[in-house]
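Below is one structure, written out as structure tokens, with a few remarks after it.
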Amino acid sequence: MVMIEFPYAAVILMIVGAIGGLLQTRPIDKILMLAVLGDGLISMIAAYQYLDVAMASSFMTFVGIIIIMIGLIRTLEIKKARGELF
Amino acid sequence: MISPTETLPWISFYLGIALLVIGSLGVVFGPKASKEPIIRLINLTVPITGIALIFISYNYTLTMLTILSVNTMFYIITIRAIIRLEEMEALY
Amino acid sequence: MNPLADTVVPTLVPQIFVNFYPIAIVIAIITAVVGLSGLILERNDFQKILIIQIPIFAMYLIVSAVGTDLAEALILPGMVVSLAELLAVSEILIFRELTKREKKGESPRVMNFKYDQIKMEVLKTALPITSVVCVIYGVILTGFTGGAVAGAGILIYLFVGKVGGFSHEFWEEMAGISGVAYVFWLLGFLIYFIAPQYWLIALFMSGGGIIIKVALKFGLLGILGREEYNR
Amino acid sequence: MIGRILNSLAEPEQVPKVFAFAIMIVLLFSLTSSFHLNSKQLYPKPAPQVQLELAKQNIDISYNLAPYNRGGTPLDPENLGTVRSQYQTPYEGWITGYLTPFSQMLRDISYHFGTTILSHPGGILDEILYYTRGLDTILETTILFTAFTIASWVIINRTEKERKEEKEEENN
Amino acid sequence: MIYPTTGSLIYLLLEIISAFIFGGLLLGLHRKIIARIQGRPGPPIIQHLLHTFKFYIKELSIPDTSSLPLYIAIVLSLDGVWILALITVPILLGPFGIVIMCYAIHKVSEHGIGLASGSPYAKTGSSRAVLSATAEMPLIVAPALVFFKTHTLMLDGIITYQLVHGSLFMQLPLCALATFVLVLSKTPYNPFGIVWGKDIVSGHKTEHFGVIRGVLMMGEILGFFVLLWCFLTIFFGGIITTPLAYILAMTGVTVLLAFICALSPMVAPYHSVMIQWMFALLAVLNVIFV
Amino acid sequence: MNDIMDLNGFVIGHIPFADIVPYLTPFSLALVSTIVVFTVFLALSNPELRSVARFREDTVRTVTVEKKEARFRRFMTILCGISLIGVVTTGDLFNFALFVSLTGITNMGIFAGIKDSHVLDAAFQYGLVMMICTLPLFGGVAITLAKTGTLSLGVLAGMPSNPILNISRTLILVGAVGEGALAPFFATKVEMIRAKGAPYINMMHLSSLMVFTRVIEILFILG
Amino acid sequence: MPYFTYLPHLAFFALGTLLGLEVSYKWHSEPFVVRKIELIPLILALIGGGLMVFYVPIGLLLIGFVIGMRPGYGVYETIIGILFALILWVTL
């Protein structure tokens, strides 16, 4: 049975998230992949055993993603209103 | 078994610089990045994560916390600018 | 007396940081070169602002490679400077585009979009709690970090929150409060330098002042966003 | 030839590009030299995770401040924290050694909250940022203040003003 | 550096007066020689000084459009700056950095003088002042290579170095050339004088008459004297030691400058910048070759 | 051995803010007095009436800065003067970099409110240059710190030069050149000074030349 | 550097040129036509040249008087005076 250490799992998560996030072209897909990346970061911090930092950074990544999504929705609205997008 | 004092910092440091380089390449030359600013903005998350990893491998936890929250500010400012410029059709 | 007090802080930089250093510098230079070449190739003005973040990351890496507490204390001002410049530059860009449009005689009414309230489940449920926790955590921390965390908490709530009745006068009052906090904070510093034996009160004044200041400033930014988009 | 270069330099749009190019060249040249960290630095810090490992072994409760433990006991002028600054002053290490009651409570609970304890009043970074390099912090915040002043002035008096006028026009 | 005492105030004043008279005579000589080369009789040598004094008794008129305290204060600042340079450098043998600073302030003053009046010609002149500042500031750094040679920028240190090791002109000839170009760009009618070119009336000085113009000319005279002095001291400090030698050498350099000014055309703004940059680069090359 | 003495004469006095020690020499005293004088009268003076002549128009019109804008720009001017005093007196490398950044950002603030698209465009490009500048400026400082282990100019002045310091010196020079809009990257500045409001624009020119003067001195101290 | 030891020289020279200018305009108000050596300036120049060797400021005053005359006048006189001064200086 193959044992994967916890930091290695985080490393795999982050690499997958980063490459996937960079290569996707639809913004929503990118946001999903980058959520994976953020989870990898938080697990890495957890591997370092700084729980308060992990807590705060999980909040911050969440807030960041929400803001990007709002921006995305707004731009789509504007494009729709202008008739570029249907 | 990963030794927390020896191996773990090296892992996160190498991962951090890898993410930084990949991320910066992705931001600069990424697919469709030069057409849609919002895609480039999302791509910027990757080098930020790399920097955060480097910070944590140096044990700069406070700085890492700060950079993540400063990143949020950065998003707000740029998203505001993107929306305003999009309204004026000045983005492309 | 702590039995291990001498081993707590070494006299030299640990060997692992010395080993990190050349790699970090080379990677920083490569990153900076990539970012700068992107800057040279890019034509759009707003995209340039985004790309410039990459040389700034390289700067963080170069500074942090020193690997001391001093380096950590130096990254924070660097971060603040880059954020401040970003703020001013993006604002100037928006104003420039506005002036260009006016000069061309384009009707500015084209820009006047009406926005709906965003309907997302997460905005109603998770977001208030998140922002409250962020604010509380930011209050516990001091300094720029605390201000930034608390500011992010206020900001996200205000950025997506409901339509409120805050006017321009309210803004100016908020700016006034943050000015008072700034003065408090400077007074704290003065106490440090003139009478270091009262360092405790100085510490609390500085820590409290800066958090009020920074958090309020970032809060202003959020109110700004809301006034613009959720009319 | 030189005239053409100068003419292109005279356009503002070209300036950032030329500047970026100059920095690129300087950086690429600097790649040729070998970088080495001088290990005699001010304010050195322990290797990563060492303090946390010590804290795990529960040698002393004061190690629960990891990774920002710099010695010293709270409110004790005899036993100050260790700070290696450039110009030694007699009040060094006071802030590093100080813990508020709240952070003492956190320290007693667990060894996972070092960052929060540090960032609460007291700690090495407060010592550096508020005492030994206080002028830097003053400046840093002044820069932020200035940028906010610029941005908010432009927003209030220029961009928002026009929108407000438009809105009033629409209402009429 | 020689330290001033309370008794030496009269001494300082006498020095300033003699520098003023001598600088004025030199500029008059400069104008005379140019005229002779061009086949005109030319004004008498004292003309430049007379001009200055004449403006002191003329009526002062201030344009309505000017920005007020600035319009007068900036001219006075030009004077004050060069007097500061005169006191610290030729008299007290202080740090050479002050000359760099004064030169910079001179450029700022030119810019401000042009802007403060609100006239479009003056504005063009002041824009050109900024342009020429960008060309001349690298030139003034060229003598700073002297620092790497002598390991000091205090003028008494430089003089002692030259008395021991011989004049720096032999060791740093290209630097000396760059500094000469710098002095040249401060003389009237020089090829790089885009700021007061005749195509923009009188450049930044278009709107300045009366007492203010007199003060302005006084500042320029002092500036010319200080720059000549610095050029001679830094590069010929081993040869020229007595005041008489300085007077003769300054006259000689002025004659040389007059010949150059008379025989060369005025260049276009960007070309002026380009040529001066090339001289600055030459000076930097000096480090490699020497 | 001490370069500061050789460059600027004896040290008149210093203010010990713990690690950051601003000092005064005859040279910096001259700089400070000039900056103070300039700041005072630039802050006191009113903006000029700029006369504008157009083709096919007989009249010459005058334009000036509106009152609110003038107040804001005056504030920025005073702030710029204060930061310049910091630039010339500070005795710490990192602090110097921060002061130069503050100067840059106030310079941009002076031009932020002008309703003129090409001035704004130049201001924006200047802002971009300033943002790039954080890399060479702070990076150069950090490389110096890594090599020498100190940031204090008083200590750095006594140190011998070495190749890495050459790199960091070049980086600091490039950074300061960019922040001050100096030659050869002056096109933005020349565009910007065509705006109206004489006292404030003059402050920008003053600041860039003062930064230049000081950075030369810093390079000598490092070398 | 004590320049002010040469202040009398400079001042007398300047004064001399000023006097020469004023006086020569009194003498010749007509347009400039002829070039011939005049007597009074010649004598002044010769005295000045002689005095240059004994007391320089007064000599400079007289020489300056001749130098400073109306444009076109006093050229040959100046040259003669200076030559005389040189000869005197060499012979003595």
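The values are calculated or read from the model by the stated rules, or taken from the named source; none is laboratory data. Predicted, not measured: the structure shown is a model, and the values here were computed from it. Counting neighbours? That spans all protein chains shown, and the Cβs are built from the backbone with ideal geometry, glycine included. In case anyone asks, the SASA skips ligands and DNA or RNA and just uses the protein heavy atoms, side chains included. Shrake-Rupley method; radii C 1.70, N 1.55, O 1.52, S 1.80 Å.
Applying 0.36 nm per residue to the separation of C:SER37 and C:ILE23 and subtracting their alpha-carbon distance, the gain on full extension is 2.9 nm.
For chain A, the square roots of the Cα gyration tensor eigenvalues, ordered a ≥ b ≥ c, give a/c of at least 1.5 with a/b no greater than b/c, which places it in the oblate category. Rolling a 1.4 Å probe over the protein heavy atoms gives chain A an accessible area of 45 Å² per residue.
Distance between the modelled labels on C:GLU102 and E:LEU9, one decimal in nanometres: 5.5 nm (7 Å Cα→Cβ projection). Note that the stretch E:130-140 has calculated 3J(HN,Hα) couplings of 5, 4, 6, 4, 5, 8, 8, 5, x, 5, 6 Hz, one per residue in order, obtained from phi through the Karplus relation 6.51 cos²θ - 1.76 cosθ + 1.60 (θ = phi - 60°); glycine and proline are x. Among DSSP beta bridges whose residues both lie in the protein assembly as shown, state the antiparallel percentage, nearest 5. Roughly 100 percent of the DSSP beta bridges within the protein assembly as shown come out antiparallel. Rounded to the nearest 100 Å², what is the buried accessible area between F and E, both sides summed, probe 1.4 Å? It comes to approximately 3700 Å² buried between F and E. Using a simple spin-label model with pseudo-atoms 7 Å out from Cα toward Cβ, C:ILE129 and G:THR5 lie 9.3 nm apart.
The stretch C:44-74 and the stretch B:17-92 have Cα centres separated by 12 Å. So what's the gap between the Cα centers of the stretch D:1-76 and the stretch F:92-130, to the nearest angstrom? Going from one Cα centre to the other spans 24 Å.
Express the carbon and sulfur contribution to the solvent-accessible surface of the protein assembly as shown as a percent, rounded to the nearest whole number, probe 1.4 angstrom.
Working: 28860 of 41960 Å².
C and S fraction of accessible area: 69 percent.
DSSP loop trypsin sites (Lys or Arg not before Pro) in the stretch E:30-90 with at most 16 other Cβ atoms within 10 Å of their Cβ, which ones? If you can, show how the numbers build up before the last one.
Details: sites: E:ARG31, E:LYS32, E:ARG36, E:LYS54, E:LYS58; in loops: E:LYS58.
Filter output for the stretch E:30-90: E:LYS58.
Heavy-atom accessible surface of D:LYS17, to the nearest 10 Å², is about 40 Å², with a 1.4 Å probe and all protein chains retained. Ranking E:HIS51, E:HIS30, F:HIS118 from most to least accessible surface, computed with a 1.4 Å probe over the protein chains only, gives F:HIS118, E:HIS51, E:HIS30.
Over the stretch F:56-140, with the other protein chains present, what is the accessible area per residue in square angstrom, probe 1.4 angstrom? Walk me through the numbers before you get to the answer.
Working: 2320 Å² over 85 residues.
Accessible surface, normalised per residue, equals 27 Å².
Ordering E:TRP229, G:TRP27, G:TRP89 by accessible surface, largest first, gives G:TRP89, G:TRP27, E:TRP229; the 1.4 Å probe counts only protein heavy atoms, with every chain in place.
With a 1.4 Å probe and all protein chains left in place, how much accessible area per residue does chain E have, in Å²?
Values: 10000 Å² over 290 residues.
That works out to 34 Å² for each residue.
Nearest 0.05, what FRET efficiency do D:ILE5 and D:PHE29 give at R0 = 22 Å with Cβ-Cβ as r? After rounding to 0.05, the efficiency reads 0.60. Any chance you could give the angle, 0 to 90 degrees and rounded to 10, that helix F:67-89 forms with the longest Cα principal axis of chain F? With rounding to tens, the tilt is 20 degrees.
For the protein assembly as shown, a crude dipole built from +1 on the beta carbon of Lys and Arg and -1 on the beta carbon of Asp and Glu, taken about the Cα centre, is about 2820 debye to the nearest 20.
Taking 7 Å steps out from each Cα toward its Cβ at C:ILE118 and E:LYS149 produces label points 6.6 nm apart. Between the C-alpha center of the stretch E:7-80 and that of the stretch E:108-168 there is a gap of 20 Å. Sorting C:66-79, C:25-38 by their mean Cβ neighbour count within 10 Å, with the most densely packed peptide first, gives C:66-79, C:25-38. Listed cross-link partners B:LYS32/C:LYS119; C:LYS48/C:LYS217; C:LYS104/F:LYS67; C:LYS48/C:LYS100; C:LYS100/C:LYS217; C:LYS213/F:LYS68 are compared with a 22 Å cut-off, the Cα-Cα value being larger for B:LYS32/C:LYS119; C:LYS48/C:LYS217; C:LYS104/F:LYS67; C:LYS100/C:LYS217; C:LYS213/F:LYS68.
Rounded to the nearest 10 square angstrom, B:THR7 shows an accessible area of 50 square angstrom against a 1.4 Å probe.
The alpha-carbon of E:LYS186 sits under 28 angstrom from the alpha-carbons of these lysines, leaving out residues fewer than 8 places away in its chain: E:LYS32, E:LYS54, E:LYS58, E:LYS107, E:LYS123, E:LYS149, E:LYS198, E:LYS205, F:LYS189, F:LYS196. Here the extension length gained between E:ILE57 and E:ASP156 equals 31.6 nm, from 0.36 nm per residue of separation less the Cα-Cα distance. For an R0 of 60 angstrom, estimate the FRET efficiency from the Cβ-Cβ distance between D:PHE21 and D:ASN79 and round to the nearest 0.05. With a Förster radius of 60 Å, E is 0.60. Rounded to the nearest 0.05, the FRET efficiency derived from the C-beta distance between B:LYS35 and A:TYR8 at R0 = 22 Å is 0.05.
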